[in-house]
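In what follows, a single structure is set out as structure tokens and then discussed.
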Amino acid sequence: MPLGALMLAALTLGGCANFPTQPDATDNASSAQTSRDTRAANTDDAATLDHLYGFGDGLLNKRLPSNPLAAINGENAPHSAATEAVFQAMAQLGVAYQRGGRAAGVGFDCSGLTSYAYKQADITLPRTASEQYAFTRRIAKTQLKPGDLLFFKIRSRKIDHVGIYVGDNRFIHAPRVGQHIEFADIDAPYWRRHYVGAGRVPGAGQIDLSEISQKTGR
């Protein structure tokens, strides 16, 4: 299946399951989101951008990176474990945060989401954010590729939050109780303040050779 179709399927799975269902509530939410997007597009105000992308935004931000497929792989190219993990994380957009959760249909916490995404790509990650930090190879922000993990210190002196980078300075994460899996901007003031570092998962760049064989007929 082309990656474009996979992307559409991912958004369909995660898109709007948790929006209000009362009459006109969706329309009102959409109008409010559009208004916020317009204000953010016309201002460099850090507080506005932090509200739009950080913990404080109560609405699910479904906007993708500007060109995510190009950032990950060519549309007809075999994709790596990192690419598969990104698609698996995207498929969970809108799913509710669940403390200790790490299974589709149940919900996820931050490290549960990253563990699940990579498990679907046949890579087993340690359970907690701090353990995942120790497991991955350190890379600089300038070296980030889709599928890399981003680590933060939110409420303690040790690493206690993780997300998965998807390109264009965006990452997917499970924020906290009462919220849902969403996109966030690594350059938003909140995330810059709590950012610790990034890590590349061992084996994440490995290509599935069976896909190449199927496409070449060998």
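Tabulated data
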| item | result |
| --- | --- |
| Subset of the stretch 140-168 [touching a strand residue (DSSP E or B) at 6+ places or on another chain (Cβ under 6 Å) and not aliphatic (A, V, I, L, M)] | Pro146, Asp148, Phe151, Phe152, Lys153, His161, Gly163, Tyr165 |
| Residue count, the stretch 75-122 (criterion: surrounded by fewer than 18 Cβ atoms within 10 Å (Cβ to Cβ) and in contact with a Leu (Cβ under 6 Å, 6 or more places away or on another chain)) | 1 |
| All positions within the stretch 195-206 that are part of a loop (DSSP other than H, G, I, E, B) and either crowded, with 20+ Cβ neighbours inside 10 Å or in contact with a helix residue (DSSP H, G or I) (Cβ under 7 Å, 6 or more places away or on another chain) (or both) | Val201, Gly203, Ala204, Gly205, Gln206 |
| Hits in the stretch 152-176 (condition: within 11 Å of the chain's Cα centre (by Cα) and on the phi < 0 side of the Ramachandran plot) | Val162, Gly163, Ile164, Tyr165, Val166, Arg170, Phe171, Ile172, His173, Ala174, Pro175 |
| Sole exception among (1) out of contact with any Lys or Arg (no Cβ under 7 Å at 6 or more places or on another chain); (2) β-branched (Val, Ile, Thr); (3) at pLDDT 95 or above for Ile154, by number | (3) |
| Residues of the stretch 170-194 satisfying the condition of being surrounded by fewer than 19 Cβ atoms within 10 Å (Cβ to Cβ), modelled with pLDDT of 95 or more and touching a strand residue (DSSP E or B) at 6+ places or on another chain (Cβ under 6 Å) | His194 |
| Residue in the stretch 153-164 that is in contact with a Leu (Cβ under 7 Å, 6 or more places away or on another chain), among the small types (Gly, Ala, Ser), more than 23 Å from Ser80 (Cβ to Cβ) and in a loop (DSSP other than H, G, I, E, B) present | no |
| Residue list for the stretch 114-133, restricted to those being among the hydrophobic types (A, V, I, L, M, F, W, C) and within 15 Å of Gly163 (Cα to Cα) | Ala117, Leu125, Ala129 |
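Listed here are the residues, each with its yes/no results for (1) modelled with pLDDT of 95 or more; (2) under 17 Å from Tyr195 (Cα atoms).
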| position | (1), (2) |
| --- | --- |
| Cys110 | yes, yes |
| Leu113 | yes, no |
| Asp122 | no, no |
| Pro126 | yes, no |
| Glu131 | yes, yes |
| Thr136 | yes, yes |
| Leu150 | yes, yes |
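The values are calculated or read from the model by the stated rules, or taken from the named source; none is laboratory data. Nothing here was measured: the structure is a model prediction, and the numbers come from that model. Cβ atoms come from the backbone with ideal geometry, glycine included; neighbour counts cover every protein chain shown.
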